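The values are calculated or read from the model by the stated rules, or taken from the named source; none is laboratory data. Computed from a predicted model, the values in this text were never measured in an experiment. So basically every Cβ, Gly included, is an ideal-geometry build from the backbone, and we count neighbours across all protein chains shown. Ligands, DNA and RNA are excluded from the accessible area calculation, which covers all protein heavy atoms including side chains. Shrake-Rupley method; radii C 1.70, N 1.55, O 1.52, S 1.80 Å.
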Amino acid sequence: MKKIWSMKQKVAQEEAAHVGPKKKRVTAAQLRVQKDLAELSLGSTMKTHFPDPDDILNFKLTIDPDEGMYKGGRFEFDFKINQNFPHDPPKVKCTQKIYHPNIDLEGNVCLNILREDWKPVLNLNAAVVGLQFLFLEPNASDPLNKEAAEDLKANREGFKRNVRASLGGGTVRGQSFDRVLK
Amino acid sequence: MANANISSVPIGSEGPRARWKYLDNILGRSGPFTDPDWVPGETVIESLERAKLLVIGAGGLGCEILKNLALSGFKDIHVIDMDTIDVSNLNRQFLFRHADVGKYKAEVAAKFVEKRVKGVKITPYCGKIQDKDEEYYKQFAMIVCGLDSIEARRWINATLVGMVDENDEDSLKPLIDGGTEGFKGQARVILPTMTSCIECQLDMHAPRAAVPLCTLASIPRQPQHCIEWAHIIAWDEERKDITLDTDDPEHITWLFQKALKRAQEFNIEGVTYSMTQGVVKNIIPAIASTNAIVAASCCNEAFKIATSTNPFLGVPDTENYMMYTGDEGVYTYTFQHLRQPDCPVCGDDSRARPLQVNPNSTLQEFLDGLAERPEAQLKKPSIRSEEKSLYYQSPASLEEQTRPNLSKKLNELLENGEEVVISDPAFPTQFKYQLTFKE
């Protein structure tokens, strides 16, 4: 055991004065989220909201698409990050009931980088950009809401009309949706 | 080879050290790898017997580690585990019997080893590693981990790195980490702040295999897909208000039946109760021999570190990581995992620097002062403590919410001795300071 300390002396790190036992330490997940938040570029279409500003691991993101079929809507997502971040991806759910081929009625989101393709090198910005992309380019080949995906595949114009109706809180195929217009 | 010193320890089949006859062959003589000033015999044996070790985890690896350490001559071992014994543990966690099901692993394991290896004292703690503070971890000579959780590894790693005090030899605790998954495993040694730490090596953990959500929702192909569907989608749809407890048989039964029904709809065979349990709890089949191999390697290193009889894994600038693959023949590869200069836990700028501050100055004044410090020179700093978001430059909403803190005094926001982390978009790394108050 003695030997290790003499190696340590050789490594000779900077001098640091002893200041008694250290108190609460920022966790590794918090460190990483802090870094990710600094690199977040939300532009004019996205906003965050922290219900408890001291807790940066839980927040809401709103997206106001400024083009595409979902323009005019305001979509809210709940981000829950656990202490295993960035090994585990953030858990993201849409808090509204919306008509979208890649988001089911419970708010589950089918976005590859939030699940099977998540890697610790990805950051919160990648997740946020991915979500925004879903509203610009809804994807019918990876459906989570099968009916919506079928509508998009069969008739793009009809799908657009359904989207408009759903954004206003209307009913599509007997299913009523939340009003999400700004 | 140097002349072998004659040991004062009786070597033979009789006497109190008969059990340690072969161990004494190593402890009682110099060898090709011992230092010239290393003295064999009583002092080494004494240091081995007096070394207080902490074992984290008393499961598959933990049982092996406790047994090996006790049989390697260690006499003062502590063990932490928060779990109780499940019937499914009994095939490989050999310190437990059927009558022990439901009891705490740490307690039963400690008793069993104490009974089998006379003279060994094993002190159990049934709870979480996070319950304990630095004072507790400081009492040990080194820490051996047999964990199944990455989160727990990161916690103990960050704690041990943070504990190192440049002026106190006793604050540096070697960390030996074993891990297994099926036929694969690893043993690694970390000398906190000296060599690559667990956070540096985070990329070595295989990500959990996940199936795209849309596959689960629309085109399941395997029985596991049906179970995951029940777990992730059906439960939320139908039992939103009940928190899923994967240890509750009623909950598993519900998921199993849901999955079975879905599997029938899609003509998929093979959904069973135990598969449901396995998928939902992410159980990876544990192979007893993998545990034995990895635990043996960990304890081998612990013994060498404690006795200086042989070179050990993890000496700075040498190999520190042994990976083992047993699913096709036997393959091991030992290499040096390098430190990450920007590691958030042990990186060059990540260790907390002590800094004296006036508790009556405002956060704004403190940040202005930091901009002048040569190592920082921050332009747009964001700063937090473990509990509080003190000030964030971005995103905009958080900036607005934390702005009122700028005019508050430091002693309104922090306790004396608390750690703060500062990041700035101009720097790839983060700065940590431990703030002590001085008027």
Would you look at the GNM of chain B, springs on alpha carbons closer than 10 Å, and say which of B:Cys126, B:Cys197, B:Cys298 moves the most? B:Cys126
For B:Leu147 the rounded accessible area (nearest 10 Å², probe 1.4 Å, non-protein molecules ignored) is 30
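Select from the stretch B:299-384 those GluC sites (Glu not before Pro) which occupy a DSSP coil region and have at most 12 other Cβ atoms within 10 Å, ordered by residue number.
B:Glu328, B:Glu375
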Can you tell me the accessible area per residue over the stretch B:300-375, all protein chains present, probe 1.4 angstrom, in square angstrom? 48
Sequence gap at least 6, Cα distance under 8 Å: using those rules, report the relative contact order of the stretch A:26-176 to the nearest whole percent. 20
Which whole number gives the average, over all residues in B:130-142, of C-beta atoms from other chains lying within 10 Å of the residue C-beta? 1
Chain B: calculated mean residue ellipticity at 222 nm from DSSP helix runs of at least 4, using -39500 (n - 2.57): -9500 deg cm²/dmol
Could you sort B:31-43, B:110-122, B:212-224 so that the peptide with the highest average Cβ count within 10 Å comes first and the rest follow in order? B:212-224, B:110-122, B:31-43
Within the stretch B:233-302, report the trypsin sites (Lys or Arg not before Pro) that DSSP leaves as loop and that have at most 16 other Cβ atoms within 10 Å. B:Arg239, B:Lys240, B:Lys281
Taking the Cβ of A:Lys35 as the centre, find all other residues whose Cβ is under 12 Å away and add up their charges (Lys, Arg: +1; Asp, Glu: -1). -2
Connecting every pair of Cα atoms under 10 Å apart in chain B and solving the GNM, the largest mean-square fluctuation among B:Asn411, B:Asn300, B:Asn157 falls on B:Asn411
For peptide B:390-399, how many partner chain Cβ atoms fall within 10 Å of a residue's Cβ, on average? 5
Filter the cross-link list A:Lys146/B:Lys258; A:Lys60/A:Lys146; A:Lys91/B:Lys173 down to pairs whose alpha-carbon distance in this structure exceeds 30 Å. A:Lys91/B:Lys173
Bridge type composition, the protein assembly as shown - antiparallel percent by DSSP, nearest 5: 70
Could you sort out which of A:Lys80/B:Lys409; A:Lys8/A:Lys119; B:Lys103/B:Lys388; B:Lys128/B:Lys388 sit more than 28 Å apart by Cα distance in this structure? A:Lys80/B:Lys409; A:Lys8/A:Lys119; B:Lys103/B:Lys388
Contact order relative to length for chain B, counting C-alpha pairs under 8 Å separated by 6 or more residues, stands in percent at 13
Within straight cross-link reach of A:Lys71, meaning Cα distance under 18 Å, which lysines are found once same-chain residues fewer than 8 apart are removed? A:Lys47, A:Lys97, A:Lys160, A:Lys182
Shape call for chain B from the C-alpha gyration tensor, a ≥ b ≥ c root eigenvalues: rounded (a/c under 1.5), prolate (a/b greater than b/c) or oblate? oblate
Mean accessible area per residue over chain A (1.4 angstrom probe, all protein chains present, square angstrom) is 47
Given +1 on the Cβ of Lys and Arg, -1 on the Cβ of Asp and Glu, and no further charges, what dipole in debye does the protein assembly as shown carry about its Cα centre, rounded to the nearest 20? 740
Mind jotting down the distance between the C-alpha centroids of the stretch B:410-434 and the stretch B:35-62, whole Å? 38
Roughly how many Å² of B:Asp342 are accessible to a 1.4 Å probe, to the nearest 10? 90
Tell me the accessible surface of B:Arg373 in square angstrom (1.4 angstrom probe, heavy atoms of protein chains only), to the nearest ten. 80
Summed residue charge, Cβ within 12 Å of A:Glu157's Cβ, Lys/Arg positive, Asp/Glu negative: +3
What are the extents of the Cα atoms of the stretch B:213-280 along their three principal axes, in Å, largest first? 28, 23, 16
Chain B: antiparallel DSSP beta bridges as a percent of all, rounded to 5: 55
Given a 10 angstrom Cα cut-off, can you work out which residue in B:Thr309, B:Thr325, B:Thr362 is the most mobile in a GNM of chain B? B:Thr362
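Can you give the charge dipole size of chain B about its Cα centre, rounded to the nearest 20 debye, using +1 on the beta carbon of Lys and Arg and -1 on the beta carbon of Asp and Glu?
It comes to approximately 1200 debye.
First select every other residue whose beta carbon is under 12 angstrom from the beta carbon of A:Phe77; then total the charges, Lys and Arg +1, Asp and Glu -1.
On the way: positive: A:Lys47, A:Lys60, A:Arg74, A:Lys80, A:Lys91, A:Lys93; negative: A:Glu76, A:Asp78.
My count for the surroundings of A:Phe77 gives +4.
Need one value for B:206-219: mean number of C-beta atoms belonging to other chains within 10 Å of its residues' C-beta atoms.
Counting Cβ atoms of other protein chains within 10 Å of each residue's Cβ and averaging gives 6.
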For B:Lys21, give me every one of the lysines with a C-alpha distance below 22 angstrom, ignoring sequence neighbours fewer than eight places off in its own chain. B:Lys67, B:Lys75, B:Lys115, B:Lys118, B:Lys121, B:Lys304
The stretch B:353-437, dipole about Cα centre (Lys/Arg Cβ +1, Asp/Glu Cβ -1), debye to the nearest 20: 140
